[in-house]
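The values are calculated or read from the model by the stated rules, or taken from the named source; none is laboratory data. Predicted model only: the values in this text are computed from it and were never measured. When we count neighbours, we look across all protein chains shown, and the Cβ atoms used for this are built from the backbone with ideal geometry, even at glycine.
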Amino acid sequence: MDLLLEPIEAFVPTWGSPEEWNSAYDKLESYLRAHEVDSHLHRAYLNTMILRRVSRRWQNQTPETPLATLVIEEANLLLNEWFTLIMELPAGTSTNFTTADGRVALFLCDGPLRWPYAFLEPRQIPNDLKTAMSKSLMRAGPELQISNMVPRPIDLGLFPEIADDAMDVLNRRPVIKALIGWLIFLTILTYLFWMTR
């Protein structure tokens, strides 16, 4: 709750157009909502903090990447640092591994609902959140491993084998095949004659 007592500083970007900053703000707002940051106050704080960081980082440069992309990249960077702090991972941990596992652990322990003001707040991480995420991470199971499945023929049971053997016999004896064909044809004609009388 320490963040609520901090003074609010006005943020006025010194580069980029207002439309770009508004679009970046909207994208970041959606991104934080996707992470279940439901508190309007905390979301506004995070939006301002992340936009301010992007503004400072690219102050005297002309980025080729759209501003909305830079803002989401900054949010991902902060998210990765936050997960690394919470899970106390080694410094050389892969970014994808940290962020993916961190998100899974956060959602499995209902972190955004139980600790609504802790998201991306590195100064005061509740010990309960650390413990819950560690347990969730262990419960999540092993890493995804890519396997190779070799296609196998479909087993249709005994009937197709019998039918296949019968067709082989009939193909070797064309006279019997013709007689059976005529017998089936005459049976159908007899049935139709009987039904129409």
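Here's the yes/no breakdown for (1) assigned to a loop (DSSP other than H, G, I, E, B); (2) modelled with pLDDT of 85 or more; (3) touching a Leu at 6+ places or on another chain (Cβ under 6 Å):
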residue: ILE8; (1), (2), (3): yes, no, no
residue: GLU19; (1), (2), (3): no, yes, no
residue: ARG52; (1), (2), (3): no, yes, no
residue: ARG56; (1), (2), (3): no, no, no
residue: GLU64; (1), (2), (3): yes, no, no
residue: GLU74; (1), (2), (3): no, yes, no
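Restricting attention to the range 111-129, does a residue exist that is modelled with pLDDT of 75 or more, of a type in the set (A, V, I, L, M), within 52 Å of the chain's Cα centre (by Cα) and part of a helix (DSSP H, G or I)? Scanning the range 111-129 turns up at least one residue that is modelled with pLDDT of 75 or more, of a type in the set (A, V, I, L, M), within 52 Å of the chain's Cα centre (by Cα) and part of a helix (DSSP H, G or I).
For VAL37, the conditions (1) in contact with a helix residue (DSSP H, G or I) (Cβ under 7 Å, 6 or more places away or on another chain); (2) at pLDDT 85 or above; (3) of a type in the set (Val, Ile, Thr) are fulfilled apart from (2). Among the residues of the range 27-61, write down those that are within 24 Å of LEU113 (Cβ to Cβ), surrounded by fewer than 14 Cβ atoms within 10 Å (Cβ to Cβ) and not small (Gly, Ala, Ser). If the condition is that a residue be within 24 Å of LEU113 (Cβ to Cβ), surrounded by fewer than 14 Cβ atoms within 10 Å (Cβ to Cβ) and not small (Gly, Ala, Ser), then ARG33, ASP38, HIS40, LEU41 are the ones that fit. Does at least one position in the range 152-167 carry a residue that is within 19 Å of VAL37 (Cβ to Cβ) and modelled with pLDDT under 75? No: zero hits.
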